[in-house]
Amino acid sequence: MQPTAEQIEQDLLRPLFHSSGKYWFAVAIAASLLLAGVAAFFYQLYNGIGVWGLNSPVFWGFDITNFVFWIGISHAGTLISAILRLTNATWRRPVTRCAEAITVFSVLIGAIIPLCHIGRPWLAFWMIPYPSERHIWPNFRSPLAWDFFAISTYLTGSTTFLYLPTIPDFAAVRDASTGLRKKIYRVLALGWQGTPRQWQRLEVAMHIMAVVIVPVAVSVHTIVSWDFAMTPVPMWHSSIFGPYFVAGAIFSGIAALILAMALLRKFLHLEEYLRPIHFENLGKLLLTMSLLWFYFTFAERLTTWYGNSPPEMAVFWDSIRKNFAPLFWTMVVCNFIIPVPILAIKRLRTITGTAIASATVVVGMWLERFLIVVPSLEHKFLPYSWGTYRPTWVEDTLMASSFGMMALLYLLFSKFVPMISIWEMKVGLQSHGGVPVVLPAESKPVLEGPQ
Amino acid sequence: MNALYGLYADAAGAQRAVDSLRSATSELRFDRRQIVIVSGEPHEGYEFTDSEATSTPYRWAVLGAVVGGTAGYLLTTLSQKSYPIHTGGMSLTPVWTNGIIVYEMVMLGAILTTLVVLLIGAGLPNFKGTISDPEVGKGKILVGVMDPPQSSQPELERRLQQAGAWQVRQSTTPRP
């Protein structure tokens, strides 16, 4: 049975006012992971990045792997949400906010990682172009400067894209709460009232944002791929890297979104709203991306093999037959062998099935990022400079804490913001029974004034 | 602040109320701008909503993009000329790489302009007392008149009810 507007508001506001013991337990675990990472970061700050496993010739390890991974995950939200909005896919309504929140938090985490990586984060402001007494500017030819601009734009855009449609829901929380909570939400809602003018402006703004954010999202991961592709390192200097990274990012993003939705559905009791059809539709998208990922991976490897360039073949064989073979084949199993049958067979494309496939894809895509970064750096063009890389406990802890931070931010977000857009769900009620009635612009009033 | 309003279960009823109130502005001595409509969700396809439609934000977004792109172009080229570095005979102001910065600044300009235009267009932030009703959150649409003349109130109430109001209410205090 279709819920009423009142039921929708009650159901979706409930998690903000009532939290179970399980919720706080999950918060405690996520916060512990984050705190461990903060401790590891300060340890690294005190001792220098020599405490990492990085050494010549491998100067990028877990940190850049995680950076690429989290920026990739960020493609879940904004891109998917924007495309679904632009195509007016009505099933998007319960999905968009879950997705947009993933984007904002994963871009934030992705942006923090290079700050750890540079070793002296207090000098990060050198990336900001302003006339300083040093008389130097960021080198705009450097992909790292492109990263700064792309990620800043993406973070600004995705935060705006998340915040704008949340304003009416902040107003709903404001109207349903009292005391300090009411005061906080009053500020967040900016005095939203819900007049036709406000709704029109919001819808237009969301449409513009959806149009703008898609090319920004594509550019961000393309630019991240150029961090590698602009460098003459075996198996990096490839023109396919841009689309390969974007496809991989959308792939991992959808997987993260399905996982998050499955957890929200279970723990926030949103079964009425996050229905099997949403998982089935996203499962189909994930299947498409899995096939696309395999196509790109095969094309990339085939071109390298056919070229038979010795430096590239050294990386190629190291990946698939030697040191990194266990990771490579685990990646193939996680990204293709497991998810494709689960997602292709309708009977298996259930909530549990898509969640299992998504979990393996998240693992597989992290491995893919690692296999792009490390094997190539271990085998540069001159064999005398070959080396190996083993992460230390500091890097392991920082990686674990990035997952903890993501979980913590998401959990806290779900405590302060309705995870499903209340007003968009109500719009769904209007069209449930058909298209809304369209009255002529100058419709005749029912009542006539006194004669 | 005083308001007399009806609560409507559907947008068609709200539209009838709006039309009725608009046709009576001179007779009941209130201004068209005193008519207030509040809902918990947008109602596309109805005149009271569609009359607010505008394409102005699109034009502002394009302008913002142009300004952002120009700022990006000036930032890259002027700084590269002011602080020249050795490029091995290659261009001092390379179009390919500067184009990436310009592209991002175009997008940033459009995003920030859209945000500002939304806030101005929607009259946000606005922390002054405004009219609302708890029933709006439950799906009702509020249509009424702010500060109506005392003498017109019985006729206003009749019109709101005849348009199909679920309830007609009076508000004398602004929402905090």
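The values are calculated or read from the model by the stated rules, or taken from the named source; none is laboratory data. For clarity, every value in this text was computed on a predicted model and none was experimentally measured. For neighbour counting, all protein chains shown are included, and Cβ atoms are generated from backbone atoms with ideal geometry for every residue, glycine included.
Would you point out which residue out of A:THR103, A:THR87, A:THR156 is at pLDDT 90 or above, surrounded by fewer than 20 Cβ atoms within 10 Å (Cβ to Cβ) and polar (S, T, N, Q)?
Numbers: A:THR103 fails: surrounded by fewer than 20 Cβ atoms within 10 Å (Cβ to Cβ); A:THR87 fails: at pLDDT 90 or above.
Testing whether each residue is at pLDDT 90 or above, surrounded by fewer than 20 Cβ atoms within 10 Å (Cβ to Cβ) and polar (S, T, N, Q) leaves just A:THR156.
Would you confirm, using the coordinates I've provided, whether A:PHE370 is part of a helix (DSSP H, G or I) and aromatic (Phe, Trp, Tyr)? Step through it out loud before you land on a result.
Working: part of a helix (DSSP H, G or I): yes; aromatic (Phe, Trp, Tyr): yes.
Spelling it out, A:PHE370 is indeed part of a helix (DSSP H, G or I) and aromatic (Phe, Trp, Tyr).
Going by the conditions given, is B:ALA71 of a type in the set (A, V, I, L, M, F, W, C) and more than 10 Å from chain A (Cβ to nearest Cβ)?
Details: of a type in the set (A, V, I, L, M, F, W, C): yes; more than 10 Å from chain A (Cβ to nearest Cβ): yes.
Taking the combined requirement at face value, the residue satisfies it.
Quick one: A:ALA89 ticks every box in (1) touching a Leu at 6+ places or on another chain (Cβ under 6 Å); (2) hydrophobic (A, V, I, L, M, F, W, C); (3) closer than 22 Å to A:THR160 by Cα bar one, so which box is it?
Among (1) touching a Leu at 6+ places or on another chain (Cβ under 6 Å); (2) hydrophobic (A, V, I, L, M, F, W, C); (3) closer than 22 Å to A:THR160 by Cα, the lone unmet condition for A:ALA89 is (1).
Which of (1) among the polar types (S, T, N, Q); (2) over 30 Å from B:ASN2 (Cβ atoms); (3) within 16 Å of the chain's Cα centre (by Cα); (4) modelled with pLDDT under 85 is the odd one out, the single condition B:THR56 does not satisfy?
The one condition B:THR56 does not meet is (4).
Okay, residues lined up against (1) touching a strand residue (DSSP E or B) at 6+ places or on another chain (Cβ under 6 Å); (2) buried (at least 16 other Cβ atoms within 10 Å of the Cβ); (3) of a type outside the set (Ser, Thr, Tyr); (4) farther than 30 Å from A:ARG92 by Cβ:
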| residue | (1), (2), (3), (4) |
| --- | --- |
| A:GLU271 | no, no, yes, no |
| A:HIS278 | no, yes, yes, no |
| A:PHE298 | no, no, yes, yes |
| A:TRP305 | no, no, yes, yes |
| A:PRO326 | no, no, yes, yes |
| A:ASN335 | no, yes, yes, no |
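If you go through region A:11-24 one residue at a time, do you hit one that is away from every other protein chain (no Cβ under 14 Å) and closer than 30 Å to A:PRO121 by Cβ?
no
Could you check A:ALA31 against (1) surrounded by fewer than 19 Cβ atoms within 10 Å (Cβ to Cβ); (2) within 14 Å of chain B (Cβ to nearest Cβ) and say which number it fails?
Of everything listed in (1) surrounded by fewer than 19 Cβ atoms within 10 Å (Cβ to Cβ); (2) within 14 Å of chain B (Cβ to nearest Cβ), A:ALA31 misses just condition (2).
Can you tell which of A:ALA172, A:ALA145 is without any contact (Cβ under 8 Å) to a residue 60 or more places away in the chain and among the hydrophobic types (A, V, I, L, M, F, W, C)?
Among A:ALA172, A:ALA145, only A:ALA145 is without any contact (Cβ under 8 Å) to a residue 60 or more places away in the chain and among the hydrophobic types (A, V, I, L, M, F, W, C).
Here is a yes/no grid of residues against (1) out of contact with any Cys (no Cβ under 9 Å at 6 or more places or on another chain); (2) assigned to a helix (DSSP H, G or I); (3) more than 7 Å from chain A (Cβ to nearest Cβ); (4) aliphatic (A, V, I, L, M):
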position: B:LEU7; (1), (2), (3), (4): yes, no, yes, yes
position: B:SER20; (1), (2), (3), (4): yes, yes, no, no
position: B:GLU41; (1), (2), (3), (4): yes, no, no, no
position: B:GLU44; (1), (2), (3), (4): yes, no, no, no
position: B:PHE48; (1), (2), (3), (4): yes, yes, no, no
position: B:TRP60; (1), (2), (3), (4): yes, yes, yes, no
position: B:ASN98; (1), (2), (3), (4): yes, yes, no, no
position: B:VAL102; (1), (2), (3), (4): yes, yes, yes, yes
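Restricting to region A:146-177, name every residue that is among the aliphatic types (A, V, I, L, M) and within 23 Å of A:LEU79 (Cα to Cα). Walk me through how you get there before you give the answer.
Looking only at region A:146-177, we keep the residues that are among the aliphatic types (A, V, I, L, M), and these are A:150-151, A:155, A:162, A:164, A:167, A:171-173, A:176.
Correct list: A:ALA150, A:ILE151, A:LEU155, A:LEU162, A:LEU164, A:ILE167.
Quick check on my filter: what residues within region A:202-216 are among the aliphatic types (A, V, I, L, M) and either more than 7 Å from chain B (Cβ to nearest Cβ) or touching a residue at least 24 places away in the same chain (Cβ under 8 Å) (or both)?
A:LEU202, A:ALA205, A:MET206, A:MET209, A:ALA210, A:VAL211, A:VAL212, A:ILE213, A:VAL214, A:VAL216
Tell me which residues, restricted to region A:178-190, are surrounded by 20 or more Cβ atoms within 10 Å (Cβ to Cβ) and at the interface with chain B (Cβ under 8 Å from one of its Cβ atoms).
Keep residues of region A:178-190 that are surrounded by 20 or more Cβ atoms within 10 Å (Cβ to Cβ), which gives A:185-186, A:189.
Of everything in region A:178-190, just one residue is surrounded by 20 or more Cβ atoms within 10 Å (Cβ to Cβ) and at the interface with chain B (Cβ under 8 Å from one of its Cβ atoms), namely A:ARG186.
Among (1) under 21 Å from the mean Cα position of the chain (by Cα); (2) within 22 Å of A:ASP227 (Cβ to Cβ), where does A:ILE49 come up short?
Among (1) under 21 Å from the mean Cα position of the chain (by Cα); (2) within 22 Å of A:ASP227 (Cβ to Cβ), the lone unmet condition for A:ILE49 is (1).
Residues of region B:29-52 being surrounded by fewer than 18 Cβ atoms within 10 Å (Cβ to Cβ), in contact (Cβ under 8 Å) with a residue 40 or more places away in the chain and not charged (D, E, K, R), which ones?
Scanning region B:29-52 gives a single hit, B:GLN34.
Would you call A:GLN193 within 11 Å of another protein chain (Cβ to nearest Cβ), buried (at least 22 other Cβ atoms within 10 Å of the Cβ) and either in a helix (DSSP H, G or I) or of a type in the set (Lys, Arg) (or both)?
In short, no.
Among the residues of region A:218-232, is any without any contact (Cβ under 8 Å) to a residue 24 or more places away in the chain, of a type outside the set (Ser, Thr, Tyr) and closer than 21 Å to A:THR78 by Cα?
Taking every residue of region A:218-232 in turn, none turns out to be without any contact (Cβ under 8 Å) to a residue 24 or more places away in the chain, of a type outside the set (Ser, Thr, Tyr) and closer than 21 Å to A:THR78 by Cα.
Which one of these does B:THR76 not meet: (1) more than 9 Å from chain A (Cβ to nearest Cβ); (2) polar (S, T, N, Q); (3) surrounded by 14 or more Cβ atoms within 10 Å (Cβ to Cβ)?
The failed condition is (1).
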